[in-house]
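What follows is a set of notes on a single structure, which appears directly below.
The values are calculated or read from the model by the stated rules, or taken from the named source; none is laboratory data. As the structure is a prediction and not an experimental result, all values here were calculated from the model. Cβ atoms come from the backbone with ideal geometry, glycine included; neighbour counts cover every protein chain shown. What goes into the accessible areas is simple: the full protein's heavy atoms, side chains included, and nothing from ligands, DNA or RNA. Shrake-Rupley method; radii C 1.70, N 1.55, O 1.52, S 1.80 Å.
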Amino acid sequence: MSHPAPGTISAEPLFLRALAGEKLPVPPIWLMRQAGRYLPEYRELRAKAGSFLALCYNPELAAEVTLQPIRRFGFDAAILFSDILVVPQALGQKLWFAEGEGPRLEPVADAARLAEIDQLADGAKLDPILETVRRVRGALPRETGFIGFCGAPWTVATYMVAGRGTPDQGPAKALFAKDPELFQAIIDRIVTASVSYLNAQIAAGVDAVQIFDSWAGALGPEDFRRWCVAPTSRIVEGVRAVHPHARIIGFPRGAGRLIPDYVAGTGVDAVGLESDINRDFARDAIQSKLPVQGNLDPLVLRAGGPELEKEIAAILSAFGGGPFVFNLGHGILPDTPIAHVERLLKAVRG
Ligand code: CP3
């Protein structure tokens, strides 16, 4: 065995070096929703599993789907194939996916209903997903990072309360205005379950975890502190209590100018940026303090052509001078041509 000269090559995946604050000549790259419907090999295994949720709870197939984009594209990190809504399901809520319509849950809109789901809560429902983590860990190349995740309490609560995705998170906002104690009780359950779930994912073999707060941008500054920053900081604390060196990426999508408050208030190691954030602001006020991840517009990736080239160059020029992980600003769209992903990787890696 030969040893690399110090400072030249490291066995540490590039993805983890960037999260540790290292500025790299070529940034690591992965894409949110990189395992998904734009890949024919994903569509094939999803059909074999019968449904999206059946795929999530089948460790053999879910591990295979997690690895598909690594085999095809050689991304610098794999992300566990699952969904943020498996946590409400473990909390006792019924979950299903209406074909072509997205997630459905039986809404939790009052205290009686919350007491009912409490009777059905069972953390062991997440065991098959931890088995997926172990399988992926065993099969992943050493140079590839491995990301686990959960939804942030605010975003998960919006689905638990409304029973579905909503354009403006109106039902959740109405509930915290009318009955903040009940809303807090829902948030508390998500925090506790998420801490156990992330700690179990880390114990099973993920290198880093990402907390997805897709609807953070729907909250004004006060509500943002109460329902987004405070519960997320409890998750970070609960994970660090068990795994002091865990790498944690926060993704408060749409929080824009509130991201510096989020960073200071939660203690995450790195932060994901949405596509429409002002990049000068993001570099000067955020990346100056911690690594950033993002922020190519998924619509631009889908469209391809000169606009894609221009945006890749703009992102590399804005963030290439500091610790940075190249990604999208939100999940890849199902009708994205594979050739555009290949082109993106070539352009980023030179
Ligand atoms: O990034 C990854 O590839 C990891 C796996 C992952 C999925 N969902 C797989 C998925 C992750 C991290 C998520 C997160 C998630 N899920 C979020 C937060 C991030 C975001 O996208 O805003 C939210 C809000 C959900 C809830 C959810 N799951 C919705 C609203 C939908 C329907 C929308 C859609 O794309 O169909 C899902 C389904 C879902 N989750 C799919 C995948 C691959 C599509 C399932 C399919 O039909 O095959």
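Going through (1) buried (at least 22 other Cβ atoms within 10 Å of the Cβ); (2) part of a helix (DSSP H, G or I); (3) in contact with a His (Cβ under 8 Å, 6 or more places away or on another chain) one by one, Tyr262 falls short only on (3). If you check Leu114, Leu91, which single one turns out to be out of contact with any Pro (no Cβ under 6 Å at 6 or more places or on another chain) and closer than 24 Å to Ala246 by Cβ? Exactly one of Leu114, Leu91 is out of contact with any Pro (no Cβ under 6 Å at 6 or more places or on another chain) and closer than 24 Å to Ala246 by Cβ, namely Leu91. Take Ala318 and decide whether it is of a type in the set (A, V, I, L, M), surrounded by 14 or more Cβ atoms within 10 Å (Cβ to Cβ) and either modelled with pLDDT of 95 or more or within 16 Å of the ligand (Cβ to nearest atom) (or both). Yes. Of a type outside the set (S, T, N, Q), closer than 21 Å to Ser214 by Cβ and touching a helix residue (DSSP H, G or I) at 6+ places or on another chain (Cβ under 6 Å): is that true of Gly304 in this structure? No: the conditions fail for Gly304. Among the residues of the stretch 309-350, those that are small (Gly, Ala, Ser) and under 17 Å from the mean Cα position of the chain (by Cα) comprise Gly329, Gly331. In the stretch 278-285, the count of residues that are among the basic types (Lys, Arg), touching a strand residue (DSSP E or B) at 6+ places or on another chain (Cβ under 9 Å) and more than 26 Å from Arg343 (Cα to Cα) is zero.
When Ile235, Ile248, Ile186, Ile190 are screened for being in a strand (DSSP E or B), open to solvent by less than 10 Å² (accessible area, probe 1.4 Å) and of a type outside the set (Lys, Arg), only Ile248 passes. For the stretch 46-59, give me the residue count where each residue is of a type in the set (A, V, I, L, M, F, W, C) and either touching a Gly at 6+ places or on another chain (Cβ under 8 Å) or open to solvent by 50 Å² or more (accessible area, probe 1.4 Å) (or both). Qualifying residue count, the stretch 46-59: 1. Taking the stretch 46-75 as the range and being more than 10 Å from the ligand (Cβ to nearest atom) and of a type in the set (D, E, K, R) as the test, the residues that pass are Lys48, Glu60, Glu64, Arg71, Arg72. Reported count of residues in the stretch 210-232, each being among the acidic types (Asp, Glu) and either within 14 Å of Gly272 (Cβ to Cβ) or surrounded by 23 or more Cβ atoms within 10 Å (Cβ to Cβ) (or both), is 1.
Has the stretch 18-27 got any residue that is within 22 Å of His330 (Cα to Cα), open to solvent by less than 50 Å² (accessible area, probe 1.4 Å), more than 12 Å from the ligand (Cβ to nearest atom) and in a helix (DSSP H, G or I)? Yes, the conditions are met somewhere in the stretch 18-27.
Candidates Ala208, Ala246, Ala255: the one that is away from the ligand (no atom under 15 Å from the Cβ) and closer than 25 Å to Trp30 by Cα is Ala246.
Let's see how each residue does on (1) surrounded by fewer than 17 Cβ atoms within 10 Å (Cβ to Cβ); (2) at pLDDT below 95; (3) assigned to a helix (DSSP H, G or I):
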residue: Glu274; (1), (2), (3): no, no, no
residue: Asn295; (1), (2), (3): no, no, no
residue: Leu301; (1), (2), (3): no, no, yes
residue: Pro306; (1), (2), (3): yes, no, yes
residue: Lys310; (1), (2), (3): yes, no, yes
residue: Asn327; (1), (2), (3): no, no, no
residue: Gly331; (1), (2), (3): yes, no, no
residue: Ala339; (1), (2), (3): yes, no, yes
residue: Val348; (1), (2), (3): no, no, yes
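Under the condition of being open to solvent by less than 60 Å² (accessible area, probe 1.4 Å), within 12 Å of the ligand (Cβ to nearest atom) and farther than 24 Å from Val348 by Cα, the residues counted in the stretch 34-45 number 2. Within the stretch 312-325, being over 25 Å from Ser214 (Cα atoms) and not in a loop (DSSP other than H, G, I, E, B) holds for Ala313, Ser317.
In the stretch 138-166, of all residues being within 11 Å of the ligand (Cβ to nearest atom), part of a strand (DSSP E or B) and not aliphatic (A, V, I, L, M), the one that is farthest from Ser196 (Cα to Cα) corresponds to Arg164. Which residues, taken from the stretch 204-229, are part of a helix (DSSP H, G or I) and not small (Gly, Ala, Ser)? Across the stretch 204-229, the qualifying residues are Pro221, Glu222, Asp223, Phe224, Arg225, Arg226, Trp227, Cys228, Val229.
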